[in-house]
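Data block below; observations after.
The values are calculated or read from the model by the stated rules, or taken from the named source; none is laboratory data. Every value quoted in this text rests on a predicted model; they were computed, and no experiment measured them. Using ideal geometry, Cβ is built from the backbone for each residue, glycine included, and neighbour counts are taken over all protein chains shown. Just the protein is used for accessible areas: all its heavy atoms, side chains included, with ligands, DNA and RNA removed. Shrake-Rupley method; radii C 1.70, N 1.55, O 1.52, S 1.80 Å.
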Amino acid sequence: MTASTGTPVLAEGDPERGRELYRPCAACHMIGDGAINRIGPHLDGIVGRPAAVAMGYRYSEALIDAASEGLVWTADALDDFLADPSDYVPGLRMIFRGIQDAQDRADLVAFLREEGGTPDPVYANATAVLLAPSDEVLQILRMEGDAYYGEYLSNECTTCHRPQGGDDIPSIAGMAPVDFIEGLVAYRSGEREHQVMQTITGRLGDEEIAALAAYFETVGQ
């Protein structure tokens, strides 16, 4: 993990402007009343929360390592992270280039603080939480996914998920199979709420999910 630069977040951050800047983040992260984990963990109470502690979310090893070194999402840490996520946490799984403008980062952090509120006291002495994949996910992971079959099935996915991502829909190119499979299984079971994704995954069997995971892992390599 890259050490904080110590540059203070701008005090004049505008949470209302930050709300607009947050829109692309909402494709993966929920915040506010009723927020749950989606592709990314929920961000309630994120300002001041230790890293990698959202219950029920399986974090990447890179973020767990950073958390074990004591990373806490203070306003300054979030400012540094948002400037260049992959530099701040090398090996990070999240696909996000960062925000170069300091005022934009200040506004976004102000929104996160206002909308997310204070960290739940349960996180006060928390350390990184690593959850093993469910038995259902492990069963699919053990399959030898047919990437060629996955490519054949992929058109329905790539209609929305572009290789470089978009404002509201993230890229799934190069996604680790465990993350891809966990996401589809969660939609298929109804754990994650998205009508279109639930409809699509409801038509997929384990073999199809394994094939798609094998294909998208190779995209962009």
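Filter region 179-204 down to the residues that are among the small types (Gly, Ala, Ser) and surrounded by fewer than 20 Cβ atoms within 10 Å (Cβ to Cβ) and list them by number.
Scanning region 179-204 gives Ser189, Gly190, Gly202.
Report every pair of residues separated by at least 6 positions or lying on different chains whose Cβ atoms are under 7 Å apart, first residue within region 130-145 and at pLDDT 80 or above, second outside any helix (DSSP H, G or I).
Leu141/Pro133
May I ask you to list the residues in region 207-218 that are more than 19 Å from the chain's Cα centre (by Cα) and buried (at least 18 other Cβ atoms within 10 Å of the Cβ)?
Selection gives Glu208, Ile209, Ala210, Ala211, Leu212, Ala214, Tyr215.
When region 146-192 is examined, which residues are found to be of a type in the set (Asp, Glu) and within 14 Å of the chain's Cα centre (by Cα)?
So in region 146-192, the residues of a type in the set (Asp, Glu) come out as 146, 151, 156, 167-168, 179, 182, 191.
Residues satisfying the conditions are Asp168, Asp179, Glu182.
Output the residue which, of all residues in region 26-71 that are of a type in the set (D, E, K, R) and more than 19 Å from Phe111 (Cα to Cα), is most open to solvent (accessible area, probe 1.4 Å).
Only one residue fits best here, namely Glu61.
Mind checking which pairs have a first residue in region 94-110 that is surrounded by 13 or more Cβ atoms within 10 Å (Cβ to Cβ) and a second that is of a type in the set (Asp, Glu) and assigned to a helix (DSSP H, G or I), Cβ under 7 Å, 6 or more apart or different chains?
Arg105/Asp79; Val109/Asp79
Given the condition at pLDDT below 85, surrounded by fewer than 16 Cβ atoms within 10 Å (Cβ to Cβ) and within 19 Å of Cys28 (Cα to Cα), answer yes or no: does some residue in region 154-162 qualify?
yes
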